[in-house]
Structure formats: structure tokens, C-alpha cells
Amino acid sequence: MSAAPVPASRTRSPGPGTDAPLLRVTGAVKRFSGLTALDGADLALAAGEVLGLIGPNGSGKTTLVNCVSGALRIDEGEIRLGGRDITRASRARRAKSGIARTFQNLKLFGELTVRENVLVGLNASSGASSLEEVEGLLRSLRLEEVAREIVSTLSYGTQRRVEIARALAGDPRVLLLDEPAAGLNDGETAELKELIHEIRSERGCGVLVIDHDMNLVLGISDRVQVLDEGKVIYEGAPQEAFKQPRVVAAYLGAE
Amino acid sequence: MVRLALRSDSPPDLLGRLGATAGALLAAGVVTLLGGLLFLAPTMAEIVLLFGINAILVIGFQVFVGNTGIVSFGHVAFMAVGAYAGGIAAMPVLDKEVVLPDLPGALAGTEVGFLPALLVGGAAAALLALLTGPALMRLSGAAASIATLGLLIIVSNVLAQATPLTRGPQSLFGVPENTTFIGVYASLAVVVALSAWFKWSGAGLRARAVRDQPAAAEAAGVSVLRSRLWAFVLSAFITGVAGALYAQLLTAFSPGSFYIPQLVLVIAMAIVGGVGGISGALLGTAVITVINEVLRKVESGVPIAGVEIHAPSGISFAALGVALILMLRWRPSGLLGASEVQVETRAPAPAEAGPARVAGAAVPPVATDRPPAEATVEE
């Protein structure tokens, strides 16, 4: 990652109940015609915290992210952001209240330029971020040189950075990264690690990371949460996670 | 340094936006100049005027289809509404008593000039879009296209049955012949500037973001419905203005004048030129108009080497179909694609990163290198 820091966001007052987590999901249940993807999952994310969400394939990680971002509605349970109930809020409304995300499969505005992609992200901001910040983001994510390029013509690693820049442009309080390292080479993954640290320390964002790269997730997370069949089976320190028999069993399929 | 460029990416700043708008106007200016020269030939006058109106129509279509990615089969309905609303507004009160004796009082007692009639036509069409858009714009892809076709069918039938207002399926006549060369091409310039400005505005950007990735646009706080609706309403306004111009050129028309054949014509022009851009809309209109007029001449018979050659009638319309198929096979994004004529005030940085370029990477951007303010302010 380049030396230029990620532009610092405005400082936010933690709001009422400072010790309450920024994002709290309680008892989330999501069913897809017979299949229960989330079965009473909880999640708490504090400002300035990196939470790793791991679990075997099909354990409900992406479903949980989709429910938080508003792409899906939970059938039961509650989602609160900064103390406000957003369980029924629309996707656009949640974006405006400070939830930004990236996608497991890149979802960029393919026919638009890099700068335009990031500008659309600015749309989610509550008005405090400025156009100068977009330029700052382009610089710090090394996208300045390609700012006028049509995004679909760029390499995969660059596109990943554009997606993160777009998510950051809205100056989010919560950043959901769904497999941000997928398809990246080792060098790019190292960059990503550093970037997530910067985002956390300089923006005070709560960051939720899903990834299959355990080195990445265990290396950057302050805390991890393990999902299996829609339930949280472990929550705590990253280095302790794979010492839990339940977690090992979930990954290896042992009884 | 000022130079012309043909590019599909967005202008980076306010100056660039002005340049892009100026470029689109320049393209319209070239078209106007050619039209003006042809207009001097008496047999070409009506063709030149129809060409200008078709160009406005295709740009109206392009504003919606290009920015939202939804192919509309319904825009001819906006043209019809614009033609009837503008035509009735412009009709002299005395003529209304004869042609439309059952017209409601307020409408029967007023007549307006050329320009207000255009605005009435545009506003009526925009209102229809504003009323139907909230339902139609929830749909995407083929479902949205078919739904707009439904709108055309409904509007066409309502016009054919609303006898007190429209004389039903019979021709409405007595509309004053107000449409002039200046009227058409001044409207074209305004419409081109309006649609270029919209394309590069924050609202245009949001519409194009939704076009490319609705889910990601929503995740960035963009309302899919609202961003599509603005493009729909603006494009309906432009199309309605074209209808009002058309009404005041032909002076007599019926609901049948605004149906599938007209729709095919608009779609062919837009697809041949490239539905992604305003420059393409102008080029496509020109190409199809020329093909159409040449073949129509051949249909009515041309002497070649002393022998009168008659092409089978209907060949001009069949040629539209052939042009469409060939384009979609060989150049599906149209002749120009999403490229626009843009006026650039300085040469873009060379692709090869010279020493100056590398050094420049760490330097903050120059003061003008700032995206348009509109992208953030509203919503």
C-alpha cells in the first residue's frame, strides 16, 4: 500500500450508550423455502473493531452480511445500528445511515470510469465527505492513474481496490467486506491487510471481514466469530478459535 | 489547447462537462448545417424538418435507454401525447369549434403560440411518465420493455376512444403549420444540451450506476426507482416536444400515426447509431433517414440508363429490418457506441508514463481536476 494514508473521516460522537456496540444483530433467522440459512445468529461489532466472520461453506456468512446490508430481510430477530432499529430499513436507507459493503463477486459499474464508480459511493455519505476526499481515496488506493479508465477494462486486483474505494467514499460507520482477498495474489493480500488496518485506525470504522484465507482473517481480526449451519458456535479471540473442538468439527465434518 | 475527441468515458470536472455538452452541441450544429443546405432545395424541405424531429425523438429515447439500459417500446406513446396536447393547444379557437366541438370549456377557449405548444406537449408527456413511472420503473430487463409496450397500447387506444379530445380514430386536422426550420433545429440544440448535461450530472451518473449494477447502486444508497424515474420523465418531455413539433408540421394526424411503424423507426435509428450516446443518436438518425429516403425514391421509380426502375413497394421499411439485423450482428453497440464528441480544453496525459508523469503521481491534482459538484449535493 502506498504511503499516503486513507483520508481520515470526520470524528463521530459514539452516540448514546457508548459501550453499546455500533452494530448489533440479535437472533437473526433467515429461511429460504425450507432451508434455514440463519438460525438465531447474533453479531456485535464495535466502532474501530475488526471482526472476522468465518465458517465452512454454506454456514450462512454471506447471508448474514446480506441481511445486515439490507439485500435480504431477516424473518426473525433484530438489527440495530448505533442504537437505531434498522431491521425493516431499505437497502438504500441503510447505506445512507452508514453501512457499506463489498461483494463476494465483484459488482462494479462496469461501463463507468473508476472515478465515477467512487463518486457513486459518495452518494451514501451524509454530506460530510467531500469531492476532495474522493480524490484522496483515489490517491491512497493507487487508483489515480486509472481514474478515467472504464472499470471493466482493469485487472482484477485493481477492480477489488475500486470496490473498496467506492465503499469508503460514503464514509461508512460499518464496512462489510465479503471475501475481499478472493482472487488476489500474495502481494495484493498483504496490501489489503494493511489497508484494513488503516481503515480501522484512521476512520474508526467497524469492519466485518469474511474470507477463506485464514491467515488474513486471523491476522487482522480483533475478534472472530464462527458460524456453522446458521448458528454462532464460537466468538472470541482469533488465536483460540481453532482450539475449539466444535470449530474443528464444523470445518472437518467430524462428529 | 482545445481539441475534439470521441470518447466514452466521463469528463472529469465541470470544465469537462461543459466541453462534453459543447461537443454534443457541435455535433448537432454539423447536422443543422447539412440540414440547412439541403433545406434550400424545395423538394427536401419536409425531409429536413422530419429529420430534425426524428433526431429529437431518438435523443429522447436515448436519454432513457442509454442511461437506464431498459429498452423502451413505449416512447412513441409520449410522442403521441405530445402531438395531441401540443396540437390541440396550438389550434385556433375558431377551428376548435369546428374540428373539436365537444372539447371541454377551458381547452376550447384557449390557443397558444408555437413555443408554448411545444412546452405543453413536453409537459403532458412528462406528466404521463411521472404518473406511470413509479409502477413501470420497478421492473427491469425484458419485463420493463414489455410493460412500456403495454403503455403504448393503452395510450394509443385511449387516444382512439377519447373522441371529444382527439376525434377518436379519425384524423385530427386544423393544427396550424407553425414548425419551421429554426423551430426544429433550435429545439434540437436545446434538447441536445439538456440531455448531455443530464448524462454527466449526478442524476445521470446514478441512473447509469443502476443500469450497470442495481444491487451495488442500492448498497451505495442510490434509489433504483428514483434514479430511473428522472431519466424516464426527462426523456418523455423531450419525446413530447418532438410530438408537438410533428403535430405542427403535419397539421393532421391520427392515433395510428404513433404506433408500431413509428416505434420501429425510432429503435432502428437508435440502434444503428448506438444507444449509449447522444452523438450516436444523431448519426443513427442521419443514416436511417438517408437509407429510407433513397429507397423511397427507388420505390416511386428512378430512371437508370433510360429504363425506369421500380423497387417493390415496402422495400424501405424492409431495409430498416435488414439494417437492424446487420447492426446487431456486426456492431451491436451501434456505429458510435457510447462515445461522445467532446471538446477538451487540454490534451489528456500521454498513455506512456514519462518521468514527469511518475513524478506527478505524488503531487496533488491541479485545481481544476475536480469532479462535478452535482454528483454529491442532491438526493
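Miscellaneous remarks
- Only a single item in (1) more than 7 Å from chain B (Cβ to nearest Cβ); (2) surrounded by fewer than 24 Cβ atoms within 10 Å (Cβ to Cβ) is not met by residue A:114, and it is number (2).
- Qualifying residue in segment A:203-216 (condition: within 14 Å of chain B (Cβ to nearest Cβ), open to solvent by 30 Å² or more (accessible area, probe 1.4 Å) and among the acidic types (Asp, Glu)): no
- Looking across segment B:134-163, just one residue is outside any loop (DSSP other than H, G, I, E, B), modelled with pLDDT under 95 and either under 30 Å from residue B:29 (Cα atoms) or open to solvent by less than 60 Å² (accessible area, probe 1.4 Å) (or both), and that is B:141.
- Candidates B:264, B:241, B:233: the one that is assigned to a helix (DSSP H, G or I), more than 14 Å from every other protein chain (Cβ to nearest Cβ) and at pLDDT below 95 is B:264.
- Members of segment B:85-111 that are part of a helix (DSSP H, G or I) and either open to solvent by less than 10 Å² (accessible area, probe 1.4 Å) or polar (S, T, N, Q) (or both): B:86, B:87, B:90, B:96
- In a residue-by-residue description of segment A:88-99, the property of being part of a strand (DSSP E or B), within 14 Å of another protein chain (Cβ to nearest Cβ) and open to solvent by less than 40 Å² (accessible area, probe 1.4 Å) applies to at least one position.
- Condition check for residue A:148: facing another protein chain (nearest Cβ under 10 Å) and more than 19 Å from the chain's Cα centre (by Cα): yes
- Residue match in segment B:223-241 (condition: free of Cβ contacts under 8 Å to residues at least 40 places away in the same chain and among the aromatic types (Phe, Trp, Tyr)): yes
- Only residues that are away from chain A (no Cβ under 14 Å) and polar (S, T, N, Q) were counted across segment B:1-59, and they come to 4.
- Filtered residues of segment A:59-72 (kept if part of a loop (DSSP other than H, G, I, E, B) and without any contact (Cβ under 8 Å) to a residue 40 or more places away in the chain): A:70, A:71
- Within segment B:196-216, the set of residues being more than 8 Å from chain A (Cβ to nearest Cβ) and within 21 Å of residue B:141 (Cβ to Cβ) comprises B:204, B:207, B:210, B:214.
- With respect to (1) surrounded by fewer than 24 Cβ atoms within 10 Å (Cβ to Cβ); (2) part of a helix (DSSP H, G or I); (3) out of contact with any Gly (no Cβ under 7 Å at 6 or more places or on another chain), the lone exception for residue B:191 is condition (1).
- Cβ-Cβ distances below 6 Å connect the following pairs, each with a first residue in segment B:316-342 that is closer than 18 Å to residue A:112 by Cα, a second residue that is polar (S, T, N, Q), and a separation of six or more residues or different chains: B:336/B:279; B:338/B:8; B:339/B:8; B:340/B:279; B:341/B:279.
- Any hit, segment A:168-184, residues being under 30 Å from residue B:339 (Cα atoms), within 12 Å of chain B (Cβ to nearest Cβ) and surrounded by fewer than 18 Cβ atoms within 10 Å (Cβ to Cβ): no
- Where a residue in segment B:91-114 is in contact (Cβ under 8 Å) with a residue 60 or more places away in the chain and its partner, wherever it lies, is open to solvent by less than 50 Å² (accessible area, probe 1.4 Å) and of a type in the set (A, V, I, L, M), with Cβ under 6 Å and at least six apart: B:91/B:175; B:96/B:103; B:96/B:108
The values are calculated or read from the model by the stated rules, or taken from the named source; none is laboratory data. Keep in mind the model is a prediction, meaning the values are calculated, not measured. Note: ideal-geometry Cβ built from the backbone for every residue, glycine included; neighbour counts use all protein chains shown. To get the accessible areas, we keep the full protein, side chains included, count just its heavy atoms, and leave off ligands, DNA and RNA. Shrake-Rupley method; radii C 1.70, N 1.55, O 1.52, S 1.80 Å.
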